[in-house]
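Peer 1: First the structure, then my questions, so here it is.
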Amino acid sequence: MKMSYTVLGTNNMEAAAKFYDALFEQTELKQLAATDRMTFWQCVNQ
């Protein structure tokens, strides 16, 4: 089992999620879930 993750902080969750959605657009990382405190992205071809 392979696990890896990164935790980044922000003071503007909405802007950060939009930034990372755009950054990951050309990769296999897609937004998996979001709450008011966290957003998760996952590689879709695992």
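The values are calculated or read from the model by the stated rules, or taken from the named source; none is laboratory data. The structure presented is a predicted model; accordingly, all values stated were derived computationally and were not measured. All Cβ positions, even for glycine, are placed from backbone atoms using ideal geometry, and neighbour counts span all protein chains on display.
Peer 1: Could you list all residues from the range 2-46 that are surrounded by 12 or more Cβ atoms within 10 Å (Cβ to Cβ) and among the hydroxyl-bearing types (Ser, Thr, Tyr)?
Peer 2: Once the filter is applied, which keeps residues that are surrounded by 12 or more Cβ atoms within 10 Å (Cβ to Cβ) and among the hydroxyl-bearing types (Ser, Thr, Tyr), the range 2-46 yields 10, 20, 39.
Peer 1: Which residue pairs have Cβ atoms closer than 8 Å, lie 6 or more positions apart in sequence or on different chains, and pair a first residue in the range 1-28 that is under 17 Å from residue 43 (Cα atoms) and modelled with pLDDT of 95 or more with a second residue that is small (Gly, Ala, Ser) and not in a helix (DSSP H, G or I)?
Peer 2: Sorted first by the residue in the range 1-28, then by its partner, the pairs are 17/34.
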